[in-house]
Amino acid sequence: MSTPVIPDRANVAARTARETVQATGRGRDRTPGSLVFLGALWFSLFFGVMVLMLLIVSTALDGAGRFDGALLTNYFSRVRPEETGFRAGILGSMWLMLGTATLAVPIGIASALYLEEFADRHRWYNRLIELNLQNLAAVPSVVYGLLAVATMALLGFQVTGIVLGGAIALALLILPVIIITTREALRAVPSEIRFGSLALGATVWQTTWRQTLPAAVPGIATGTILGLSRAIGEAAPLLLLGVAVGVRFDPNGFLSAFTALPMQIYNMTSQPQAEFQTAAAAAIIVLLVMILGMNTLAIVIRNKFQKTW
Amino acid sequence: MAALMDSTGSTSGSGPSGAQRTLDLGGRSRPGETLIKTVLFTCAFVSIITTIGIVITLIVPTVEFFSEVRPLDFLVGTEWKPNDSVDPLYGVLPLVSATFLITIIALLVAVPLGLGAAMYLSEYASPRVRRRLKPTLELLAGVPSVVYGFFALSVVTPLVLQDLLSLDVGFTNALSAGLVLGVMIIPTVASLSEDAMSAVPLALRQGSFAMGANRMQTTLRVVFPAALSGIAAAIVLGLSRAVGETMIVTLAAGSLPNLSANPSEGMQAMTAYIAVTAGGENPVGSTTYNTLFVVGALLFAITLVINMISIALVRRYRQEY
């Protein structure tokens, strides 16, 4: 009953023909015009990277005199600019990230779950939500600052420069980013997993909570961290909220007055004293290290935990 | 199991319509599921509330403002002196022209470099190289704008523009702000253009290669035109980012309203006006305080129109393939 193994001649011939005839255009890539073009493409690709290197190296050189412990442990000092530090700004930025994540992550994930798992895409209100999200993603950050000022007034706060105000502004700013990346992560989970769960009698929510969401967690975590790393460098909305600069105490809660690292950098950049410029440069390196750390964490999570189906 | 027993029981005679009964999967109402769905919908609705909130926040002071200043004076006035105690002038043109001059410079940098990077990544790079290079390029978009502002002030203006190119530029100038802003939006243009070019079907490229074209000709004459609407959407999105960017223009272009087309001069962009004025002490409800929201409303309207164009372009290109 065993069928003899005959090489499928027609198939082999067809494949050989395809391999020899298929053109890639590479054979003619060596003309002078092509080489110039390729050089231009290389240049455009590496121009940005070169600027980034120049930025990091020049800023590190500017701030070279200030990479000491006092930079991290001292408070802002107007009288002794050479010893000014960013303790309040670093702690303030951390409180701000905590507040932003607390507000934005649950709402963002819930919105994405609704849009991906529950919403009927043909209903006008669901389409409106989608269109609206695409728009919100490109609204300037100063406009979110104006919105946060109005929201704080509505909530009855006299002083808007507190952690809660900044967290509202930044949470609204990164909400579209979190929703969009969470949806992509949910979409990457194969439908077969959902169908299997539904076929065994689970409800839509049981399927989402026990199957889809756990499978999408690495993607969601990556997106959230990237969103937060964008928020931590934002200064414009905080500027509108009137966040203080010369804060000389540690923030101790969501209703505490505070300052943030980018706010202090902005303020010191505008000061005439050279010591403040040096301190600003050193603080920029601290901020970049924080952002790079968050980005690295996001990439590690993605590479380590993300499944490919 | 209980349902199964029940159905066999009913076929034996007692049920009136037992034989016709079919399995109904969706009929049972589940209050818990409905509640969860409602909660999730409420969260999704937050984005709509945000938009409504933005519109109300901007419109109320704007209406108040226009009860004191004629809209025509605002839109075509050439002098912006809101803090002049004797004769305040509210002509927004200097702010708008500064925003657009800086944006044009930024696009002159970002469009060729972004497209070049996208063409390389999409048409020349191997998948392995692309996986490495794309995140590196996107790091550029992750650098905070206040850092770019510092870079423009401390390196680009004094070292590159004044020393290296010996241009006669001021301490703050539109050129430096525009150049740095352009670098910042390279990833926006590159990333979306690359998506558009990668979406062009392989058959089009193979057809071109088969006719004897090399990769440059294929990229420029086949892939680029085929991806054009997606590329246009990428450029428009970059434009919207540039118009709304705040810290670079505040630090590098200065805070002096100046109606000029000369990029070597300092000038105040719309976002820079909002940022600087919000930092000052202006009583709530005063005309100067309201100007923040009026300029904000104009900015929001401009970016909204630009975004809508971008979304429409993306829709069009998705339909093609």
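Rule-based calculations on the coordinates, nothing more; no lab input. As the structure is a prediction and not an experimental result, all values here were calculated from the model. Every residue, glycine among them, receives a Cβ derived from its backbone with ideal geometry; neighbour counts consider all protein chains shown.
Structure notes:
- Per-residue ³J(HN,Hα) for region B:56-63, Karplus 6.51 cos²θ - 1.76 cosθ + 1.60, θ = phi - 60°, Hz, x for Gly and Pro: 5, 3, 7, 6, 4, x, 5, 4
- Rounded to the nearest 10 degrees, the angle from helix A:124-136 to the longest Cα principal axis of chain A is 60 degrees.
- Loop-located chymotrypsin sites (Phe, Trp or Tyr not before Pro) in region A:56-96 whose Cβ has at most 15 other Cβ within 10 Å (DSSP): A:F67
- Counting only residues at least eight positions apart within a chain, or on another chain, there are no lysines with an alpha carbon under 19 Å from that of B:K81.
- Kirkwood Rh (inverse of mean 1/r, distinct Cα pairs), region A:131-188, angstrom: 12.4 Å
- Distance from the alpha carbon centroid of region B:84-142 to that of region A:92-148 works out to 24 angstrom.
- Charge tally for B:T157 (other residues, Cβ to Cβ under 15 Å; Lys, Arg +1; Asp, Glu -1): -4.
- C-alpha long axis of helix A:9-21 to longest principal axis of chain A, angle in °: 40 degrees
- Eligible lysines near A:K307 by straight Cα distance, threshold 23 Å, same-chain separation 8 or greater: B:K134
- Residue order, fewest to most surrounding Cβ atoms within 10 angstrom, among B:T99, A:T207: A:T207, B:T99
- Estimated vicinal HN-Hα couplings, Hz - region A:69-81 in sequence order (Karplus 6.51, -1.76, 1.60; Gly, Pro = x): x, 4, 4, 8, 9, 7, 8, 4, 9, 7, 7, 10, x
- Note on A:106-115: average number of Cβ atoms from other chains within 10 Å of each residue's Cβ is 5.
- Residues B:S154, B:S166, ranked from the fewest to the most other C-beta atoms within 10 Å, line up as B:S166, B:S154.
- A cut-off of 5 Å between modelled amide H atoms, ignoring neighbours fewer than 5 places along the same chain, links A:I162 with no other residue.
- Amide H to amide H, with H built 1.01 Å from N, B:Y90 comes under 5 Å of B:K81, counting only residues 5 or more places away or on other chains.
- The separation of region A:191-205 from region A:242-309, counted between C-alpha centres, amounts to 44 Å.
- Peptide B:153-160 has a mean shielding of 3, counted as Cβ atoms of other protein chains within 10 Å of each residue's Cβ.
- Per DSSP, loop chymotrypsin sites (Phe, Trp or Tyr not before Pro) in region A:221-294 with at most 13 further Cβ within 10 Å: A:F249
- Ordering B:L313, B:G91, B:A272 by the projection of their Cα atoms onto the charge dipole of region B:89-320, which places +1 on the Cβ of Lys and Arg and -1 on the Cβ of Asp and Glu, puts B:L313 at the extreme positive end.
- CD proxy at 222 nm, helix term only [per DSSP H run n ≥ 4: -39500 (n - 2.57); per residue of chain B; nearest 500]: -21000 deg cm²/dmol
- Axis angle, to the nearest 10 degrees, between helix A:141-154 and the longest C-alpha principal axis of chain A: 60 degrees.
- Computed per residue of chain A from DSSP H runs no shorter than four, each worth -39500 (n - 2.57), the mean residue ellipticity at 222 nm is -22500 deg cm²/dmol.
- Calculated from backbone phi, Karplus (6.51, -1.76, 1.60) coupling profile of region A:46-57 in Hz, x at Gly/Pro: 8, 4, x, 5, 5, 4, 4, 5, 4, 4, 5, 5
- Range in chain B, longest, excluding exposed GluC sites (Glu not before Pro) [loop by DSSP; at most 16 other beta-carbon atoms within 10 Å]: B:80-280
- Going from the residue with the fewest nearby Cβ atoms within 10 Å to the one with the most, B:V92, B:V55, A:V79, B:V305 rank A:V79, B:V305, B:V55, B:V92.
- Rg/Rh ratio calculated on Cα atoms of region A:13-168 (Kirkwood radius): 1.19
- Amide proton proximity set for A:S77, modelled H, under 5 Å, gap of 5+: A:T84, A:G85
- For region B:89-320, the fraction of alpha-carbon pairs in successive 10 Å shells from zero, as %: 8, 28, 30, 21, 10, 3, 1, 0
- Loop sites in region A:229-309: trypsin sites (Lys or Arg not before Pro), DSSP, at most 13 other Cβ within 10 Å: A:R248, A:K307
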